[in-house]
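Trainee: To start, I am sharing the structure in question, which I have written as structure tokens.
The values are calculated or read from the model by the stated rules, or taken from the named source; none is laboratory data. Just so it is clear, the model here is predicted, and its values are computed rather than measured. In this analysis, Cβ positions are derived from the backbone assuming ideal geometry, glycine residues included, and neighbour counts consider all displayed protein chains. SASA here: full protein model, heavy atoms, side chains in, ligands and nucleic acids out. Shrake-Rupley method; radii C 1.70, N 1.55, O 1.52, S 1.80 Å.
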Amino acid sequence: MTTSRIPSLDELLHQDLDYICANLREEFGCMAGKRLLITGGAGFLGYYLVQAALHFNRTAGRDQPIRVTVWDSFIRGTPAWLTGLRATPRLTVERCDLIEPLPEPMPDFEWIIHAAGIASPPFYRKHPIKTIDANINGLRNLLDYSVAQADKGKPVEGFLFYSSSEIYGDPTPEWIPTPEDYRGLVSCTGPRACYDESKRFGETLCVVFAQQHGVPTKMARPFNNYGPGLKITDKRVISDFAREVLAGRDIVMYSDGKPTRTFCYSADSIAGYYKVLVKGHVGEPYNIGTEKPEISMAELAQKVITTASELFGYRGKLVHERNPEADYLVDNPNRRCPNIDKARAHLGYNPTILADEGLRRALIWYHHNREAEEA
């Protein structure tokens, strides 16, 4: 079988970062010359959040670069990509656990992205209290800081809280695609509740601080993001599939494969998050994802198999097995698909990288990043 040429990692990153920055000319222009804090910056979402701002600095922002600070507890280790950036001008990387009191003295940040947390279901089920603490206590620390900044006459200009599409629970069919005004069908006691409910309460905190203190909070609700930065050990579906493909094994699915999702490639989602940060209406949530195609897990697996065959000559197949974890599928939504009309209207958000191309880029990234510490 003839396989296609596999682009280098640098080629892939340059393509994605050019795309992100081209979609954020206005937003990065507003942030130019100011200080940006990204909490949880060593994680999946931090991968392009950090590198996109630095790419802006190297290109359009040379005269007024964004000064980027990354905070992370590094409980999962320090990723090689971030270590390789430590000498980059206008980048500060520091160990900071947001559950603890904030360091003193605190810098004056104009822009804050709170992305610290545990988002992979196997890991937040294993560490439920830490999951709650990051989403609630860590968020509260940053909101209190923002109030203090306003009292000092140095107000924060934009504050983004990463919520989740999980707050919708398992919507009934008439609410799919799901808009932001759907209130959710969520269990507050199930195995996923530590994540779902702490994200819901985090949004409540953001709204209250916007109303009571004028903190410019905005909330993003990600819908099944994937792509560069999502560790092969993360235990979410696409990273699991990539691990099996690159090991030359069959893809194992621990369900009947019928639940459906839409998947948003990280270059599109990161552009969306910066748009929420800068242009989002204060105290309001925004779905960030893509509306099509909505595909089943079995269809996703077949797409990965086809793409891997074209790229690597992969010859594996899809097999179904029972998961040894008894509550693996408890409260797992049957469908997940966003309505993104609000993000289009308020932000000019327009994702264009559809599943086939996004999966191709993701598998190329995993080809160059086959090893990773436990996520």
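Trainee: What number of residues within region 113-146 satisfy the criterion of being of a type in the set (A, V, I, L, M), within 26 Å of residue 279 (Cβ to Cβ) and open to solvent by 30 Å² or more (accessible area, probe 1.4 Å)?
Mentor: Qualifying residue count for the region: 1.
Trainee: Of all the residues that make up region 167-178, how many are open to solvent by 20 Å² or more (accessible area, probe 1.4 Å) and in contact with a Pro (Cβ under 8 Å, 6 or more places away or on another chain)?
Mentor: 2
Trainee: Mind checking which residues of region 43-62 are modelled with pLDDT of 95 or more and part of a loop (DSSP other than H, G, I, E, B)?
Mentor: 59
Trainee: A further question on this structure: Could you grab the pairs with beta carbons closer than 8 Å, sequence gap of 6+ or different chains, first residue in region 281-304 and in contact (Cβ under 8 Å) with a residue 24 or more places away in the chain, second one open to solvent by 30 Å² or more (accessible area, probe 1.4 Å) and among the basic types (Lys, Arg)?
Mentor: 286/342; 287/342; 294/335; 295/303; 296/258; 297/258; 298/258
Trainee: Is it the case that some residue within region 183-204 is at negative phi, in a helix (DSSP H, G or I), polar (S, T, N, Q) and loosely packed, with under 15 Cβ neighbours inside 10 Å? Spell out the reasoning first.
Mentor: Within region 183-204, the first condition is being at negative phi, and the residues that meet it are 183, 185-204.
Imposing the further condition that a residue be in a helix (DSSP H, G or I) reduces the set to 193-204.
Still in the list and also polar (S, T, N, Q): 198, 204.
After this cut, where a residue has to be loosely packed, with under 15 Cβ neighbours inside 10 Å as well, the list is 204.
Yes, some residue in region 183-204 is at negative phi, in a helix (DSSP H, G or I), polar (S, T, N, Q) and loosely packed, with under 15 Cβ neighbours inside 10 Å.
Trainee: Sticking with this structure for a sec: When you scan region 26-40, how many residues do you find that are under 18 Å from residue 344 (Cβ atoms) and either open to solvent by 40 Å² or more (accessible area, probe 1.4 Å) or touching a Pro at 6+ places or on another chain (Cβ under 7 Å) (or both)?
Mentor: Qualifying residue count for the region: 1.
Trainee: Say we look at region 73-94 and pick out the residues that are in contact with a strand residue (DSSP E or B) (Cβ under 7 Å, 6 or more places away or on another chain) and outside any loop (DSSP other than H, G, I, E, B); which of these is farthest from residue 156 (Cα to Cα)?
Mentor: So, considering only residues that are in contact with a strand residue (DSSP E or B) (Cβ under 7 Å, 6 or more places away or on another chain) and outside any loop (DSSP other than H, G, I, E, B), the one farthest from residue 156 (Cα to Cα) is 82.
Trainee: Would you point out the residue of region 100-112, among those that are in contact (Cβ under 8 Å) with a residue 24 or more places away in the chain and of a type outside the set (Phe, Trp, Tyr), that is least open to solvent (accessible area, probe 1.4 Å)? Quick ask: steps written out before the conclusion?
Mentor: Within region 100-112, the subset in contact (Cβ under 8 Å) with a residue 24 or more places away in the chain is 101-102, 106-112.
Next, from what is left, pick out any that are of a type outside the set (Phe, Trp, Tyr): 101-102, 106-108, 110, 112.
On the way: 101: 106, 102: 32, 106: 31, 107: 39, 108: 47, 110: 44, 112: 0 Å².
Residue satisfying both the conditions and the ranking: 112.
Trainee: Here's something else I'd like to know. Starting from residues that are assigned to a loop (DSSP other than H, G, I, E, B) and among the hydroxyl-bearing types (Ser, Thr, Tyr), keep the ones in region 213-261 and report whichever is surrounded by the most Cβ atoms within 10 Å (Cβ to Cβ). Break it down into steps so the answer makes sense when it comes.
Mentor: Step one: list which residues in region 213-261 are assigned to a loop (DSSP other than H, G, I, E, B), which gives 214-216, 223-224, 227-236, 247-250, 254-259.
Restricting the remaining residues to those that are among the hydroxyl-bearing types (Ser, Thr, Tyr) gives 233, 254-255.
Details: 233: 15, 254: 15, 255: 17.
Per the stated criteria, the residue is 255.
Trainee: For region 20-42, which positions are part of a helix (DSSP H, G or I), under 22 Å from the mean Cα position of the chain (by Cα) and over 27 Å from residue 98 (Cα atoms)?
Mentor: Hits for region 20-42 are 20, 21, 22, 25, 26.
Trainee: Please determine whether any residue of region 305-320 is part of a helix (DSSP H, G or I), touching a strand residue (DSSP E or B) at 6+ places or on another chain (Cβ under 8 Å) and under 23 Å from residue 231 (Cβ atoms).
Mentor: yes
Trainee: Out of everything in region 147-163 that is touching a Phe, Trp or Tyr at 6+ places or on another chain (Cβ under 7 Å) and part of a loop (DSSP other than H, G, I, E, B), what residue ends up being least open to solvent (accessible area, probe 1.4 Å)?
Mentor: If we take residues in region 147-163 being touching a Phe, Trp or Tyr at 6+ places or on another chain (Cβ under 7 Å) and part of a loop (DSSP other than H, G, I, E, B), then 156 is least open to solvent (accessible area, probe 1.4 Å).
Trainee: Does residue 174 satisfy the criteria of being among the acidic types (Asp, Glu) and touching a residue at least 24 places away in the same chain (Cβ under 8 Å)? Explain how you work it out, then say what you get.
Mentor: On the way: among the acidic types (Asp, Glu): yes; touching a residue at least 24 places away in the same chain (Cβ under 8 Å): no.
In short, no.
Trainee: Looking at region 99-110, can you tell me whether even one residue there is in contact with a strand residue (DSSP E or B) (Cβ under 6 Å, 6 or more places away or on another chain) and either β-branched (Val, Ile, Thr) or modelled with pLDDT under 90 (or both)?
Mentor: No: zero hits.
Trainee: Here's a follow-up. Identify the single condition in (1) surrounded by fewer than 20 Cβ atoms within 10 Å (Cβ to Cβ); (2) farther than 18 Å from residue 260 by Cβ that residue 307 does not satisfy, given that it satisfies every other one.
Mentor: (1)
Trainee: May I ask you to list the residues in region 234-251 that are under 22 Å from residue 124 (Cβ atoms), at pLDDT 90 or above and not small (Gly, Ala, Ser)? Spell out the reasoning first.
Mentor: Going through region 234-251, the residues under 22 Å from residue 124 (Cβ atoms) turn out to be 234-243.
Still in the running and at pLDDT 90 or above: 237-243.
Once the filter is applied, which keeps residues that are under 22 Å from residue 124 (Cβ atoms), at pLDDT 90 or above and not small (Gly, Ala, Ser), region 234-251 yields 237, 238, 240, 241, 243.
Trainee: Restricting to region 168-182, give me the number of residues that are closer than 15 Å to residue 261 by Cα and part of a helix (DSSP H, G or I).
Mentor: 3
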